[in-house]
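No lab work stands behind these numbers, since they all come straight from the coordinates. Computed from a predicted structure; not experimentally measured. Note that each Cβ is placed from the backbone with ideal geometry, even for glycine, and that neighbours are counted across all protein chains shown.
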């Protein structure tokens, strides 16, 4: 193939050093061009469909799905791409599984440079003729990294000024619902730095956290942030709160803004679990969000808090288009009609999540997301519907940059009478 179009290669490997080493080796070959890199199986499948590579170098062990599953998906969705499976094991059973899934070659790590090049060229010749119509990249174009959508991802902040309204429950299950409905990349961010519960609700231990982000400071970039994120079994990635409350003070609004700027380029949806209050960090969260989902329950105190929040949000300049009200634990015994709640708040509810405390509490205590273990439940159906509403929305245009310097704190912001960028 040295005389025709280059062999377009996609590398799927969860180890950054391995991806980079393979790319460096292939870069010396004039007839081979690396067009994409992915760290997870689903991302590899998505890039294979979008980029239509000639050859996919697929690692057998990946965080979200194994190489066999990813190969099956690529064979079905991008049949013009030929897969070479890479593994540290030479187990004949693995080889059999890879071949049955549609892989054309099986290389055992560590392999020789010549062995890799020969396999790529040999498999490229076997690629189906449909590959000849694949889009040829512009010379010198940057390599496409998995998880970087064509446009910036949408940020959804889940808020609630009253504790115990179900903010974390909604944020975690909404993130999984977005992943299930769209198949796109979703990151769930816990910004309750002192007492965040996402790790407990998702049953994740020994993970990197916001503390690692804070320690990196201005040196944080997308590749490093990728290593800090933890992948849940659902496919949702997590940026978790510090494991020790005393580490909360290490994380500033500036750290948050830097991280969220990178995440917008890495994911399609970023769901943020918050905490009550209007401190500088929470104001930064609200400023960054395309949508604010405010959670309340059927109690007079919660309704009063919601009304006050809406009044403050209006003073801060958040448009009605960006605000969505979610009524949680809907029941028939509160004595407050839903129509009265909407009338009091002068805004319609975008979602009404039923009250069923027993399975909800059990799912939280067991660390098993409700929407996964009770997929047919009416609570799951309503959260999934909410995910559809969010996914189908177009993010509102960003607010113009203010000329005056940024002020911190709610009182200063209210005096200013408008929201900073």
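Just 343, 299, 223 to compare: in a GNM of the chain, with alpha carbon springs under 10 Å, which one fluctuates most?
Between 343, 299, 223, it is 343 that shows the largest mean-square fluctuation.
Go ahead and set up a Gaussian network model of the chain, Cα springs under 10 Å, then flag whichever of 68, 200, 186 fluctuates most.
Comparing 68, 200, 186 in a Gaussian network model of the chain, the most mobile one is 200.
Could you work out the helix-only [θ] at 222 nm for the chain, with each DSSP H run of four or more residues adding -39,500 (n - 2.57) and the total divided by the number of residues, to the nearest 500 deg cm²/dmol? Show your work: numbers first, answer last.
Details: 17 runs with 176 residues, N = 421.
That comes out to -12500 deg cm²/dmol.
Can you give the relative contact order of the chain as a percent, counting alpha carbon pairs under 8 Å and 6+ residues apart?
15 percent
Mind checking which of 363, 288, 90 has the largest fluctuation in a GNM of the chain, springs on alpha carbons under 10 Å?
90
Working from Cα positions, state the angle (0 to 90°, nearest 10) between the long axis of helix 378-392 and the longest principal axis of the chain.
70 degrees
Would you mind calculating the gained length between residue 391 and residue 373 on full extension (0.36 nm times residue separation, minus the Cα-Cα distance), in nm to one decimal?
On the way: separation 18, 0.36 × 18 = 6.48 nm, distance 2.25 nm.
My answer for the length gained is 4.2 nm.
Could you let me know the centre-to-centre spacing of the stretch 51-94 and the stretch 322-383, using Cα atoms, in angstrom?
41 Å
Measure nothing but the geometry: give the 0 to 90° angle between the long axis through the Cα atoms of 357-366 and the longest principal axis through the Cα atoms of the chain, rounded to 10°.
It is inclined by approximately 50 degrees.
With a ≥ b ≥ c taken as the square roots of the eigenvalues of the C-alpha gyration tensor of the chain, please select rounded if a/c is under 1.5 and otherwise prolate if a/b is larger than b/c or oblate if it is not?
Numbers: a/c = 2.29, a/b = 1.88, b/c = 1.22.
Prolate is the answer for the chain, as a/c is 1.5 or above and a/b outweighs b/c.
Treating the angle as unsigned and between 0 and 90°, give the value, to the nearest 10°, between the Cα long axis of helix 167-182 and the longest Cα principal axis of the chain.
Tilt relative to the chain: about 40 degrees.
With label points built 7 Å along Cα→Cβ from the Cα atoms of residue 50 and residue 113, find their separation and express it in nm.
3.1 nm
Which shape class, rounded, prolate or oblate, goes with the stretch 7-145 when its Cα gyration tensor gives a ≥ b ≥ c as root eigenvalues, a/c under 1.5 marks rounded, and past that a/b bigger than b/c marks prolate? Working shown, then result.
Working: a/c = 1.35, a/b = 1.21, b/c = 1.11.
Rounded shape, in that the Cα axes give a/c under 1.5.
Using DSSP, restrict attention to beta bridges with both residues in the chain and report what percent are antiparallel, rounded to the nearest 5.
If I count the DSSP bridges inside the chain, around 5 percent turn out antiparallel.
If you take the square roots of the eigenvalues of the alpha-carbon gyration tensor of the stretch 1-87 and sort them as a ≥ b ≥ c, do you get rounded (a/c under 1.5), prolate (a/b over b/c) or oblate?
oblate
Distance in nm between label sites at residue 300 and residue 331, each 7 Å beyond Cα in the beta-carbon direction?
Placing both labels 7 Å along Cα→Cβ, they lie 1.7 nm apart.
So for 336, 379, 303, 7, fewest C-beta neighbours within 10 Å to most, what's the order?
Going from sparsest to densest Cβ surroundings: 336, 303, 379, 7.
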